[in-house]
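S.K.: Take a look at the following structure, please.
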Amino acid sequence: MNIAISGISGLIGSFLSERLLNRGDCVVSLSRNDFQQGEKHLTEKLDGVDAVVHLAGAPILKRWTPRWKEIIRKSRTETTSLLVGAINKMSAPPEILVSASAVGIYDIYEVHDEYSTNYADDFLANVCKEWEEEALKVNDSKVRLCITRFGLVLSEQAGALKQMLLPFKLGLGGKIGDGLQPMPFIHVDDLTSALEWLISSKDKKGVFNMVAPQMISNLEFTKALGKVIKRPAFLTVPEWGLKLLYGDAAQVLVKGQKVVSKRLQEGGFRFTYTDIHSALDNLL
């Protein structure tokens, strides 16, 4: 298959690209420059492409100045709007569009499967809503749309886990606040395998929560990580310290959602790393 990926230089994009190339697919990169050139250019770039995986978006965990919040929003909503506009103008569009989103769309009170509409009303949730609304404008009579809501993606090579490793190895790791906040996660191999599965499964469309079957808290994650790397993890990272560092962006770390991947499991996808211990054992 010919598969186009935006955000290919990021954690998920790079792992997905490698997986698809290893199975013999042709991967087309959609760069920032491609989006800057507009719909007509994107339409030409997508000619002959069978599937599009849209992962582009500015980093979330960075101090939220008004300017950076706007960059976070526009890097998701505007690129999705351009991409969908280009696809809708094609006489022979890709068969499937996989468009990223995040579990941050959900509130922090309920347990959420893909049928939940108990959404939060904060900055991140509203970005996710706008992001998904743009994806939903794709012509669903011609294109199969999968919206994938990501939890914390675990990889030792990049992302949040890599940032945590050094303090934990130095014995400075610990829970965040009271540690009771949920921490929906997924091993990067399971995530890219699930994306590949969605692309190949002709009957799959709609929303999919991309999280492992096990629901854990930040405290449970902290204990598991300390155990795997054989280091104590008794400290507490205070919420006020994170707010000093990240401002409003600290809510990403001090709050969490209870999320289950009902549709992946019911649809027949099989996770390799169903719990946090197997995931961390493999990675570390």
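The values are calculated or read from the model by the stated rules, or taken from the named source; none is laboratory data. Keep in mind the model is a prediction, meaning the values are calculated, not measured. As a convention, Cβ positions derive from the backbone with ideal geometry for all residues, glycine included, and neighbour counts pool all protein chains shown.
S.K.: Can you name every residue in the stretch 188-246 that is among the polar types (S, T, N, Q) and in contact with a Gly (Cβ under 9 Å, 6 or more places away or on another chain)? Steps first, please.
M.R.: Let us first name the residues in the stretch 188-246 that are among the polar types (S, T, N, Q), namely 192-193, 200-201, 209, 214, 217-218, 222, 236.
Within the stretch 188-246, S201, N209, S217, N218, T222, T236 meet the criteria.
S.K.: Exactly one of (1) touching a strand residue (DSSP E or B) at 6+ places or on another chain (Cβ under 6 Å); (2) more than 26 Å from V53 (Cβ to Cβ) is unmet by F150. Its number?
M.R.: Result: F150 passes all but (2).
S.K.: Here are some residues: R63, R67. Which one is of a type outside the set (V, I, T), exposed (fewer than 15 other Cβ atoms within 10 Å of the Cβ) and assigned to a loop (DSSP other than H, G, I, E, B)?
M.R.: R63
S.K.: To continue, here is another question. For residues in the stretch 222-279 being touching a helix residue (DSSP H, G or I) at 6+ places or on another chain (Cβ under 6 Å) and of a type in the set (F, W, Y), which is farthest from G177 (Cα to Cα)?
M.R.: The residue in question is F269.
S.K.: While we're here: Condition test on L83, is it crowded, with 18+ Cβ neighbours inside 10 Å and closer than 19 Å to A158 by Cβ? Break it down stepwise before answering.
M.R.: Working: crowded, with 18+ Cβ neighbours inside 10 Å: yes; closer than 19 Å to A158 by Cβ: no.
No.
S.K.: How many residues are assigned to a strand (DSSP E or B) and either acidic (D, E) or modelled with pLDDT under 95 (or both) if we restrict to the stretch 97-137? Give the derivation first.
M.R.: Step one: of the stretch 97-137, the residues assigned to a strand (DSSP E or B) are 97-102, 106, 111-112, 119.
Then keep just the ones that are either acidic (D, E) or modelled with pLDDT under 95 (or both); that gives none.
Summing the residues that are assigned to a strand (DSSP E or B) and either acidic (D, E) or modelled with pLDDT under 95 (or both) in the stretch 97-137 gives 0.
S.K.: Residues in the stretch 174-192: is at least one more than 22 Å from the chain's Cα centre (by Cα) and basic (K, R)?
M.R.: Yes, because at least one residue in the stretch 174-192 is more than 22 Å from the chain's Cα centre (by Cα) and basic (K, R).
S.K.: What tally of residues in the stretch 126-158 results from selecting those that are surrounded by 18 or more Cβ atoms within 10 Å (Cβ to Cβ), more than 16 Å from the chain's Cα centre (by Cα) and of a type outside the set (A, V, I, L, M)?
M.R.: Total meeting the criteria: 2.
S.K.: Restricting to strands (runs of 3 or more DSSP E) lying wholly in the stretch 169-284: which have 1 or more residues that are in contact with a Pro (Cβ under 9 Å, 6 or more places away or on another chain) and crowded, with 22+ Cβ neighbours inside 10 Å?
M.R.: Filter on the stretch 169-284 gives 174-176, 206-210.
S.K.: Within the stretch 91-115, take every residue that is of a type in the set (G, A, S) and more than 18 Å from the chain's Cα centre (by Cα) and give me the one that is surrounded by the fewest Cβ atoms within 10 Å (Cβ to Cβ).
M.R.: Narrowing the stretch 91-115 to residues of a type in the set (G, A, S): 91-92, 99-102, 104.
If we keep only those that are more than 18 Å from the chain's Cα centre (by Cα) as well, we get 91-92.
Details: S91: 7, A92: 10.
Per the criteria, the residue is S91.
S.K.: Ok, one more. Restricting the search to the stretch 197-225, which residues are more than 19 Å from the chain's Cα centre (by Cα) and of a type in the set (G, A, S)?
M.R.: First pass over the stretch 197-225, keeping only residues more than 19 Å from the chain's Cα centre (by Cα): 200-203, 219-220, 222-225.
Of everything in the stretch 197-225, those that are more than 19 Å from the chain's Cα centre (by Cα) and of a type in the set (G, A, S) turn out to be S200, S201, A224.
S.K.: Which pairs have Cβ atoms under 8 Å, sit 6 or more apart or on different chains, and link a residue in the stretch 219-243 that is within 16 Å of G256 (Cβ to Cβ) to one that is acidic (D, E)?
M.R.: These pairs meet every condition: L219/D178.
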